[in-house]
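Scroll down for the structure; my scribbles are underneath it.
The values are calculated or read from the model by the stated rules, or taken from the named source; none is laboratory data. Predicted, not measured: the structure shown is a model, and the values here were computed from it. Cβ placement follows ideal geometry from the backbone for every residue including glycine, while neighbour counts extend to all protein chains displayed.
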Amino acid sequence: MQEFSMTKPSFVDILEERRRGSDISHALRAFSPPPGCGAPPPSPSALNKMVLESQHLRYVVLEVRGHSEGGEAAALLDEMSQNLQVTFIRLLGFALSKIFTRLFRRIQVNEDGLARLQQATQEHPVILMPNHRSYVDFLVLSYIMFTYDLSIPVIAAGIPLMGMSLIGEIFRRSGAFFIRRAIGSDKLYWAVLSEYVRTIVRTGFAPVEFYVEGLRSRTLKSLTPKMGMMHMVLEPFLKGEVYDLSLVPVSISYDRVLEESLLAHELLGVPKPRETTRGLLKARRVLEQDYGSMHVYFGNPVSVRELAKGRIGRGQYNLVPRDLPGRPSEESQAFASAAAHRVVRLQERGTVLSPWSLTALLVLQRPDGTRWDLLARDTLWLRGIALQLGARLDWPADLPDLEVMSSSMALHRSVVRCEEGCVWLVEEAGPEPVTQEEGVFRRASAVLMCASYRNQALHVFTRPAMVAVAMGTVPGHSQEDIYRHFCFLRDLFANEFVFVPGCGPQDFEEGCSGLQQCGAVSATDHELKPTEEERDTIVFLSAILEPFIETYQVTGDNCTLLYFSLRNCLSFFPSHFREIFPNSTRYTLPGGYLPPTPTCCKLQCPNIYFRQSHCRIHPGSCSPTPLCGPQVATSSPI
Amino acid sequence: PPPPPPRLRWRSSFEMVADAVYGDAKISRQDIMKWNGWGYSDSRFLFNKKGQGEFTGKRYRLSGMILPSLKDWFEATFGTSLQHKTPATPTLNVSAVPPPNLVEPFVEELKVAGVAASHDPEGRVFRSHGHCLHEIFALREGRIGRVPDLVVWPNCHNDVVKIVELACKYNVCLMPYGGGTSVSSALECPLEETRSVVSLDTSQMNRILWIDEKNLTVHVEAGIIGQDLERQLNESGYCTGHEPDSMEFSSLGGWVATRASGMKKNIYGNIEDLVVHIKMVTPRGVIEKSCQGPRMSTGPDIHHFIMGSEGTLGVVTEVTMKIRPLPEYQKYGSIVFPNFQQGVSCLREVARQRCAPASIRLMDNEQFQFGHALKPQVSSIFTSFLDGLKKFYITKFKGFEPHHLCVATLLFEGDREKVLQHEKQVYDIAAKFGGLAAGEDNGQRGYMLTFVIAYLRDLGMDYYVIGESFETSVPWDRVLDLCRNVKERIVRECKERGVQFPPFSTCRVTQTYDAGACVYFYFAFNYRGLADPLHVYERVEHEAREEILANGGSLSHHHGVGKLRKEWMREAVSTVGLGMLQSVKEYVDPNNIFGNRNLL
């Protein structure tokens, strides 16, 4: 099975036709998706009935409530369930045509991927797994599926969306079902939800769409996947209720994210505004701006059966009724985790990057301003490296490179500004005079936005960069030693970047071959040596990881301190700390730095630890940071 | 007073016209049976000059009939053409048979003891195989592997005792041979066996020794063939009711050794329910119980060491079995369901209410169409008009999708009143699941299919088509999932291994139990263009079995393990379980005299 095709996908702009034709006739077009693999779609009420009558739910109701009354479960299901109606899809199609044509220049979709998706829907139940970067993601797949005459997916959505008056109901009728946040140990709720999801997967009448990252990535960096939904969708396969499942990674990327400043403020501790219809109406003004293009890349369907081959025994359910509630076995947990990580990896690799992502990476290393011609030169250099590392770039070939870069940057005039041949990060305007704290705040949001766009491209460089760092910390050139340090970094950053569990050697291999592609290293049987000509590349790649390493070091060094005096020590940390810190504390738990106390759990909530008086933008220094090796890192207990 | 209702002669679904000749005659069966295919030499399917399907001979109801739809079905299902033939080697090349490795003093002493023996090559080849695809495929190509070195024909229990004693004395490997219908590689001589291999053919031990009408039992020599046993009992007004699909050729001893299951087990039970007493000769001596009590609590039932031992512990020589008076009335029936799922639900409900008829089987859509392809030429326009009308009613009026509908076949037995009552009960249940009664004729044809399917495989092999059946048992809630997944797995594996045309992959539910069902799969494909079709076939069958096990199915319901499924035994019965069986083998047969290496 080929998981990832390297051939250049052919993207088609679906808005082009919308601009030419009538939105009404698009919305009213004959919509007859080819029948899926399963039976004809049951009505929402029939579906709910199947769920309520399931043995699994009956077991749980009896166990939790001590009687067999299903009223409570029925109420939960009513709150949760979708009510997909083609009329509303049409309505939505009309509205989205209007909105999208205003927001975006183009929505680029790879038609080959859609063709594969169509094929997959006819064979096995399909799970659509898009990444989640913006509110706009929601329903965009439904819109595309409607346009291409494919079955409309059933979408897992957070319950706040349901709370939006009118909109919530429209979403529900467009196929959304709503999941509460923080379900915790509410067994009945888990049972209703999992049975609902499993029933949809089993019957296979519509693709199930969910965000495996669990929530919108505020930093535009891939998040390590959440496992709840993943288990639910995989279970029908593991229990033999379906022959196979197709996981379809979908990579959505934006030239410019609608809520970019909202995200930056959230990272700075400003609470997220509640999702309300009123709020949505207020946000109308975002419609007036230019957000460039949106890319939606439908990846190759991944067969769960293929993934499972030799990795998990399906016989584990042979000795107990399959309806019996129970936690997934360790084996299934590991399998689900590996599968979820793999999908996120595929999402990353399918992501189409805008030239701006590369520029942002460089701007961030020169936060105090830089000359435009130098920036342009370096961006072109970086483009070369990125392409060699297999990145997918949206770089129009028919335009002069300079024009591509400047127009891509122009889209982000809220973040950077080019004046008199120099490029500057923008400070937010506000009433004068500013206190020091406010000044930092105003500048920080541009830095964070910039960092977010850099993050979109980070996955391209992570593995080669880690090899580069590892090479810098090993005395000789022994591949084995480098690999050992690489693995340390990989463990360290397990919450930072997405690594498929158990694929250390493959990751290392990918990093090495990336470096070789760039001509930065030469590999012999047991050695990995940097080449003289491309020393810059190694230095540059190491520098990409530097902010992360530094933050982890600070976290590590200060954990004891942090534990007792959180507020004081935070004030010294550079701003990138804000996005990385939560992960780094999480790492320290398995590493043994911090005991899992309520205090350190709170650390992961941004608004608690944002109280700073001093903020230093990290200078883009290029010297490789000395790194505490594995021995050092694990031997500093609290 | 009205005359008593006439007692039925044994009337199996395939209805013999002429009795087989070999029962009493002391000739070996090989004279009237194919040496490289299934069944009687005179009965075979062929496509005549007009391209019509035809079944030769006079033995079966289908014999001598033209089957007009067979060719179209065959070509459409397998993507074959009648132009491309793969005929079998017509006669056995005796010179290809390896010379016998005889232990002279053993042969001498047998002669002294008066036991018939022969090392004639044809007889040895005939007893060197069962009916697995690879065995028959090799024979058709004229390839002969390891064959037994000698065949012996004991006449009675005491002959067997002598043979086993001599075998122990001269360290000769014994392989019991009953009807030769094994489909688990159980009769293959182990390649690693260096000793002289002696095939112990039980066919001459075929007498009914006594019938006990007070206790309704019969005491029989274990070499008797199923149809002979049934026919002879019928003459006295009784039957055992044990009708495995192979009963034309399989032997009582074979049933015991493999834990056989009969079509009508719902009334009469499987072999383990039918036997009352077993006598087996082992290298340690004779094993048997001291009485014929109907049930006992004397530790683990020693019968269960014997049943399913697959010839690894000794030779079953005599068996006491339950008998029943012949049923007064028999009626076939059939039900059409809109889809397989509804059909399974209906069977499950029938099992729940414990009202299963003597036999109830559910064919999937592919098999239903297969059955149709075997419909003989209709004699009148009227019949074909009626057929058309039925089809119209079911597909157009009732809205059944022709590519989804499936058929259950039924067989009721008992006294007339009760059968009719029972029939109504079952049809009422079926109606709840959308089932429509579809007549006796369809039912009867369904059962006929069972007996001719093995002949059909030979026809397929004449035209690049190879296939096999295999079975499993599975809890009710997993029946549908298992059927779907295994069928799909077969299709996918074939595609992956370069099979050009989608395979014929079909199943039916053949038995119902309280807690589950027995499922039977047929699988066949066109192997044109494949370099090593047998290997492809074996891999696909292997993967299909893996799929069965992953879906909660058993390793075997009644075919047994043999050598074909040995690799999964540990997984199937646990390491301790396997150790228990091994230690029994070690005690009973420390020198591995019964060295067919099945099971363990």
Query raised in the report: Any chance segment B:520-527 includes a residue that's away from chain A (no Cβ under 12 Å) and touching a Lys or Arg at 6+ places or on another chain (Cβ under 6 Å)?
Result: yes
Requested in this report: Among residues belonging to segment A:228-248 that are assigned to a strand (DSSP E or B) and away from chain B (no Cβ under 14 Å), point out the one that is nearest to A:L193 (Cα to Cα).
Outcome: A:L247
Requested in this report: Would you please name the residue that is farthest from B:P87 (Cα to Cα), looking only at residues in segment B:460-485 that are acidic (D, E) and more than 14 Å from chain A (Cβ to nearest Cβ)?
Outcome: B:E471
Requested in this report: Name the residue, out of A:S332, A:S357, that is crowded, with 20+ Cβ neighbours inside 10 Å, within 14 Å of another protein chain (Cβ to nearest Cβ) and in a helix (DSSP H, G or I).
Outcome: A:S332
Requested in this report: Identify the residue in segment A:14-29 that is surrounded by 12 or more Cβ atoms within 10 Å (Cβ to Cβ) and of a type outside the set (D, E, K, R) and, among all such residues, is farthest from A:R106 (Cα to Cα).
Outcome: A:L28
Report task. Select, from A:A182, A:A206, A:A191, the only residue that is in a loop (DSSP other than H, G, I, E, B), in contact (Cβ under 8 Å) with a residue 12 or more places away in the chain and more than 17 Å from the chain's Cα centre (by Cα). Result -> A:A206
Report summary line: Out of (1) within 14 Å of chain B (Cβ to nearest Cβ); (2) surrounded by 17 or more Cβ atoms within 10 Å (Cβ to Cβ); (3) in contact with a Leu (Cβ under 7 Å, 6 or more places away or on another chain); (4) not aromatic (F, W, Y), the one A:G315 does not meet is (2)
Query raised in the report: Quick check, is A:A520 crowded, with 16+ Cβ neighbours inside 10 Å and under 25 Å from A:T219 (Cβ atoms)?
Result: no
Report task. Check segment A:295-308 and report whether any residue there is out of contact with any strand residue (DSSP E or B) (no Cβ under 7 Å at 6 or more places or on another chain), surrounded by 12 or more Cβ atoms within 10 Å (Cβ to Cβ) and away from chain B (no Cβ under 14 Å). Result -> yes
Query raised in the report: Taking into account only those residues within segment A:318-329 that are under 20 Å from A:E63 (Cα atoms) and within 11 Å of another protein chain (Cβ to nearest Cβ), which is surrounded by the most Cβ atoms within 10 Å (Cβ to Cβ)?
Result: A:R322
Report summary line: Residues in segment B:94-118 that are closer than 30 Å to B:G460 by Cα and loosely packed, with under 11 Cβ neighbours inside 10 Å total 1
Query raised in the report: Which residue, of B:L420, B:L436, is within 16 Å of B:G333 (Cα to Cα), away from chain A (no Cβ under 14 Å) and either touching a strand residue (DSSP E or B) at 6+ places or on another chain (Cβ under 6 Å) or basic (K, R) (or both)?
Result: B:L436
Report task. Check whether at least one residue in segment A:374-397 is among the aliphatic types (A, V, I, L, M), touching a residue at least 60 places away in the same chain (Cβ under 8 Å) and more than 29 Å from A:G299 (Cβ to Cβ), and report yes or no. Result -> no
Query - Hits in segment A:194-207 (condition: away from every other protein chain (no Cβ under 14 Å), surrounded by 23 or more Cβ atoms within 10 Å (Cβ to Cβ) and either of a type outside the set (F, W, Y) or within 30 Å of A:R454 (Cα to Cα) (or both)) - result: A:E195, A:V197, A:I200, A:A206, A:P207
Report summary line: In the set B:A454, B:A430, the lone residue that is in contact (Cβ under 8 Å) with a residue 40 or more places away in the chain, away from chain A (no Cβ under 14 Å), assigned to a helix (DSSP H, G or I) and in contact with a strand residue (DSSP E or B) (Cβ under 6 Å, 6 or more places away or on another chain) is B:A430
Requested in this report: Scan segment B:177-202 and report the pairs whose first residue is touching a residue at least 24 places away in the same chain (Cβ under 8 Å) and whose second residue is assigned to a loop (DSSP other than H, G, I, E, B) and of a type in the set (F, W, Y), with Cβ atoms within less than 8 Å and a gap of 6+ or a chain change.
Outcome: B:G179/B:F249; B:G180/B:F249; B:T181/B:F249
Query raised in the report: Can you list the helices (runs of 4 or more DSSP H) found entirely within segment B:74-154 that contain at least 2 residues being among the hydrophobic types (A, V, I, L, M, F, W, C) and touching a residue at least 60 places away in the same chain (Cβ under 8 Å)?
Result: B:121-126, B:133-140
Report task. Output yes when any residue across segment A:368-389 is outside any strand (DSSP E or B), of a type in the set (G, A, S) and at pLDDT below 90, and no when none is. Result -> yes
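A quick yes/no check of all residues on (1) hydroxyl-bearing (S, T, Y); (2) within 27 Å of B:P475 (Cα to Cα); (3) in a helix (DSSP H, G or I):
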{"position": "A:V250", "(1), (2), (3)": "no, no, no"}
{"position": "A:E266", "(1), (2), (3)": "no, no, yes"}
{"position": "A:R278", "(1), (2), (3)": "no, no, yes"}
{"position": "A:R311", "(1), (2), (3)": "no, yes, no"}
{"position": "A:Q316", "(1), (2), (3)": "no, yes, yes"}
{"position": "A:R327", "(1), (2), (3)": "no, yes, no"}
{"position": "A:A338", "(1), (2), (3)": "no, no, yes"}
